[in-house]
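Peer 1: Please find one structure pasted underneath; my questions will follow.
The values are calculated or read from the model by the stated rules, or taken from the named source; none is laboratory data. This one's a predicted model, so the numbers in the text were calculated from it and none came from an experiment. Note: ideal-geometry Cβ built from the backbone for every residue, glycine included; neighbour counts use all protein chains shown. Ligands, DNA and RNA are excluded from the accessible area calculation, which covers all protein heavy atoms including side chains. Shrake-Rupley method; radii C 1.70, N 1.55, O 1.52, S 1.80 Å.
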Amino acid sequence: MAEALPSSPLAPAADIAVHVRGVDKTFGRGEAAVQALKGVHFDARQGELLMIVGPSGCGKTTLLSVIAGTLEFDTGEVDVFGSALHDLPPSEITAFRRRNIGFIFQSFNLVPTLNALENVSIPLLINGLGRKAAESRSCQMLEKVGLAGRERDTPLQLSGGQQQRVAIARALVHEPRLVICDEPTSALDRDNGRRVMELMREVARAPGRCVIVVTHDNRIFKFADRMTEMDDGRVARVHDTHETYDGSHH
Amino acid sequence: MYRLALKMLFADRGKYVMLLSGLVFATLLMTQQAGVFVGILEWTKGNLKNMRAPIWVVDPKVEQVNEVKALRDTDVTRVRSVPGVAWAVPMYWGILQARLIDGTFKPVQLVGLDNATMVGRPSRMVAGRIEDLRLPNAVVIDELAVERLSRGRPHPIGIGDIFEMNDKEARIVGVCRTEKSFFGYPYIFATYDQALQFAPKVRKMLSYILVAPKEGRTIEEVAAHIRSTTGLMAYSEEHFGISTVRWFFRNTGIPTSFGMTIALGFIVGVAVAGQTFYAFILENLRHFGALKAMGASDGLLTRLVLLQAFAVGAIGYGIGLGVTVLIGSLFLRKGMPPFSLPWFIPVATLGAILFICAIAAAFGIRKIRQLEPAIVFRG
Ligand SMILES: Nc1ncnc2c1ncn2[C@@H]1O[C@H](COP(=O)(O)OP(=O)(O)O)[C@@H](O)[C@H]1O
Ligand SMILES: [Mg+2]
């Protein structure tokens, strides 16, 4: 059932993973200015897989970037697992991302000259882990996503579904509390999309974690615990179950 | 992460090879041309290396050792009478034509050594004895002369053989080794009196006066003394060498033309390596953006890019220098063209290459620092 927003600007409850209040973001200036986010209120809870849906250009990716700490916003407050991003200097936001965020991109973004194992170990290396430790943890992670034996393959030697699973392993290997996915299945066929989402749901269930997925792939809506529907730079509705959203509003 | 950064670059075969070739080529051009240039400058000092003396006295207008304005015979006595002079002896040096057995002529450099002391004699005899120069019509020739004057003979020319200079017979009594000189002609040594017999007669025949200071006197002090009392020019060996090199800088286009080639090497290096490296950064911008999104700090990314640039710079420099040394040793074995690689050439080239890499890296780093990590979410 759809609940109307905005909710009251209270401090985040204990089980809240991401807490966004009144965020504005405008790209460009003057004539060319595009207001991508218009006073967005948004919450994601620990232990859930939350989907952000809505028509193309409504600001989903922009909101995701703000939550991930990769994009500066103009006004408002963003709280992610207790870190107040609106108060942190850039260097600390970088450190925050390094420790707390796992990224999964639409176009996988694997480094083509590095093999699967090396790609997966990058977040650990950036976090200062030694090569040996990083590789052994990455190996386990690849096994978990069903890619045991493919450690030395480069992205080009892998199928699209396998590449995205490498990307998932990379997003999860440093055990981030928040995993951010932008259109993770749009380049995948139905079966691979399903496998990816099953993995993501398992991650979201782990205690103290949260997975946010931006998508307009209706084949995967059923994996959502809740859905946030955006329209024209605002959160229009929040659905407590995927069943009330059918994507027919646009 | 540093290892992965290097792998990112090395595995990008096309760019890596291009980058490396640019740097190898720049290194090669700079060191090799500088080596030939220094080699030429060394050749200009040939006379000073082949005829050794602490002090060289010449006409006041003479600025370099390959140029002769003859002195009067009495000048030797005048120099001898300068206080602090231990000895002063005459030397003849001139270019003559040697007539080969097949009737052709080859230019040679004839050196006349003081009959009694033979000051300025060649330091390394390969065959025969220098003292035999006192025999009638005797000459000692260098190994280059053996090569050049043997034409038309069944065997290489050697001790006991005869050739002609100025229609006068010269009999070889020894073979010596000499350093290459600017003119590139062989050296023929004779006594001073004998040399004057070979040389065409002119009013003044004395080329240099070679001098040594008395014990306890410094070379500079005695040279200064000679200058002030005789009005002649007196150079220490080292000073004459410097003056010779300086003369070539001022009066020939050699330094400019080499300077331009060396500058060209540098520019090519900057252009090729800089552009290719920048293209590599641009092509991988997405991945640098992803690293940035994943929490790599600007500091880390800067270090990664610097490592990539300097690693390829070091490898390119190493290969370039290796090839230069290889080519250089080939030159030296053939004796042509001149080549010399004193330590400051590789060091300066290394500096230039590192500078090129730093510039290339700087542009890439600037681009990466400006990068919004959010770009990784854009298709
Ligand atoms: N870097 C940018 N510069 C200018 N405009 C942008 C930029 N990023 C996004 N926009 C604009 O902001 C709006 C929201 O974009 P986006 O968040 O990508 O939407 P969605 O992901 O829902 O398709 C769009 O109108 C888009 O054109
Ligand atoms: Mg989008």
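Peer 1: Among the residues of the range B:288-297, are any at pLDDT 90 or above and more than 14 Å from chain A (Cβ to nearest Cβ)?
Peer 2: no
Peer 1: Additional query: Just give me the residues in the range B:297-329 being crowded, with 16+ Cβ neighbours inside 10 Å and free of Cβ contacts under 8 Å to residues at least 12 places away in the same chain, in sequence order.
Peer 2: The answer is B:SER297, and nothing else.
Peer 1: Additional query: If you go through the range A:174-202, how many residues are open to solvent by less than 20 Å² (accessible area, probe 1.4 Å) and either of a type in the set (S, T, N, Q) or more than 12 Å from the chain's Cα centre (by Cα) (or both)?
Peer 2: So the answer is 5.
Peer 1: Name the strands (runs of 3 or more DSSP E) wholly inside the range B:147-258 in which the number of residues that are crowded, with 22+ Cβ neighbours inside 10 Å is 3 or more.
Peer 2: B:168-177, B:187-191, B:208-213
Peer 1: What number of residues within the range A:118-136 satisfy the criterion of being surrounded by fewer than 18 Cβ atoms within 10 Å (Cβ to Cβ) and under 22 Å from the mean Cα position of the chain (by Cα)?
Peer 2: 1
Peer 1: Mind counting the residues in the range A:66-85 that are assigned to a loop (DSSP other than H, G, I, E, B), farther than 24 Å from A:GLN164 by Cα and within 16 Å of ligand 1 (Cβ to nearest atom)?
Peer 2: Of the residues in the range A:66-85, 3 are assigned to a loop (DSSP other than H, G, I, E, B), farther than 24 Å from A:GLN164 by Cα and within 16 Å of ligand 1 (Cβ to nearest atom).
Peer 1: On to the next question. Give the residue that is nearest to A:ARG234 (Cα to Cα), with candidates limited to residues of the range A:70-85 that are within 12 Å of another protein chain (Cβ to nearest Cβ) and either open to solvent by less than 10 Å² (accessible area, probe 1.4 Å) or within 13 Å of ligand 2 (Cβ to nearest atom) (or both).
Peer 2: Taking the candidates together, the pick is A:LEU71.
Peer 1: Provide a single number: the residues in the range B:330-379 that are open to solvent by 50 Å² or more (accessible area, probe 1.4 Å) and either away from ligand 2 (no atom under 16 Å from the Cβ) or among the basic types (Lys, Arg) (or both).
Peer 2: From the range B:330-379, those open to solvent by 50 Å² or more (accessible area, probe 1.4 Å) are B:330, B:332-334, B:336, B:341, B:343-344, B:347-348, B:350, B:354-355, B:359, B:362-363, B:366-367, B:369-370, B:372, B:375, B:378-379; that's our starting set.
Now drop any that are not either away from ligand 2 (no atom under 16 Å from the Cβ) or among the basic types (Lys, Arg) (or both), which leaves B:330, B:332-334, B:336, B:341, B:343-344, B:347-348, B:350, B:354-355, B:359, B:362-363, B:366-367, B:369-370, B:378.
Total satisfying the criteria: 21.
Peer 1: Please report, ordered by residue number, the strands (runs of 3 or more DSSP E) entirely within the range A:125-242 with at least 2 residues that are β-branched (Val, Ile, Thr).
Peer 2: Values: elements: A:178-182, A:210-214, A:226-231, A:234-239.
Per the criteria, A:178-182, A:210-214, A:234-239.
Residues are listed down the side, and each one gets a yes or a no for (1) under 19 Å from A:THR228 (Cα atoms); (2) within 16 Å of ligand 1 (Cβ to nearest atom); (3) open to solvent by 10 Å² or more (accessible area, probe 1.4 Å):
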{"position": "A:GLU31", "(1), (2), (3)": "no, yes, yes"}
{"position": "A:VAL53", "(1), (2), (3)": "yes, yes, no"}
{"position": "A:LEU64", "(1), (2), (3)": "yes, yes, no"}
{"position": "A:ASP87", "(1), (2), (3)": "no, no, yes"}
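Peer 1: Quick one: how many residues across the range A:29-65 are in a helix (DSSP H, G or I) and within 13 Å of ligand 2 (Cβ to nearest atom)?
Peer 2: Step one: list which residues in the range A:29-65 are in a helix (DSSP H, G or I), which gives A:30-32, A:60-65.
If we keep only those that are within 13 Å of ligand 2 (Cβ to nearest atom) too, we end up with A:60-65.
Count: 6.
Peer 1: Another one. Considering only residues that are away from ligand 2 (no atom under 16 Å from the Cβ), at the interface with chain B (Cβ under 7 Å from one of its Cβ atoms) and either of a type outside the set (S, T, N, Q) or under 13 Å from A:ALA169 (Cβ atoms) (or both), which ones fall in the range A:100-116?
Peer 2: Residues satisfying the conditions are A:VAL111, A:LEU114.
Peer 1: I would also like to ask the following. So which helices (runs of 4 or more DSSP H) are wholly in the range B:278-379 and hold at least 1 residues that are touching a Lys or Arg at 6+ places or on another chain (Cβ under 8 Å) and among the polar types (S, T, N, Q)?
Peer 2: B:298-334
Peer 1: Is it true that B:ALA98 is part of a strand (DSSP E or B) and either within 14 Å of another protein chain (Cβ to nearest Cβ) or open to solvent by 30 Å² or more (accessible area, probe 1.4 Å) (or both)?
Peer 2: Taking the combined requirement at face value, the residue does not satisfy it.
Peer 1: I'd like to know if the range A:164-173 contains one or more residues that are surrounded by fewer than 24 Cβ atoms within 10 Å (Cβ to Cβ), charged (D, E, K, R) and more than 10 Å from chain B (Cβ to nearest Cβ).
Peer 2: no
Peer 1: Could I ask something else about it? Determine the pairs where a residue that is over 12 Å from A:GLN35 (Cα atoms), located within the range A:54-82, has a partner that is within 8 Å of ligand 1 (Cβ to nearest atom) and acidic (Asp, Glu) with Cβ atoms under 8 Å apart, the partner being 6 or more residues away or on another chain.
Peer 2: Between residues of the range A:54-82 that are over 12 Å from A:GLN35 (Cα atoms) and residues that are within 8 Å of ligand 1 (Cβ to nearest atom) and acidic (Asp, Glu), the close pairs are A:LYS60/A:ASP182; A:THR61/A:ASP182; A:LEU64/A:ASP182; A:THR70/B:GLU372; A:LEU71/B:GLU372.
Peer 1: Among A:ARG205, A:ARG209, A:ARG219, which is farther than 17 Å from A:THR62 by Cα and either within 16 Å of ligand 2 (Cβ to nearest atom) or crowded, with 21+ Cβ neighbours inside 10 Å (or both)? Quick ask: steps written out before the conclusion?
Peer 2: Values: A:ARG205 fails: either within 16 Å of ligand 2 (Cβ to nearest atom) or crowded, with 21+ Cβ neighbours inside 10 Å (or both); A:ARG219 fails: either within 16 Å of ligand 2 (Cβ to nearest atom) or crowded, with 21+ Cβ neighbours inside 10 Å (or both).
Of the residues listed, the single one that is farther than 17 Å from A:THR62 by Cα and either within 16 Å of ligand 2 (Cβ to nearest atom) or crowded, with 21+ Cβ neighbours inside 10 Å (or both) is A:ARG209.
Peer 1: Among B:VAL222, B:VAL202, B:VAL175, which is the only one that is under 21 Å from B:PRO54 (Cα atoms) and touching a residue at least 40 places away in the same chain (Cβ under 8 Å)?
Peer 2: B:VAL222
Peer 1: Let me ask something additional. Can you pull out every residue in the range A:98-117 that is open to solvent by 10 Å² or more (accessible area, probe 1.4 Å) and assigned to a helix (DSSP H, G or I)?
Peer 2: A:ARG98, A:ARG99, A:ASN100
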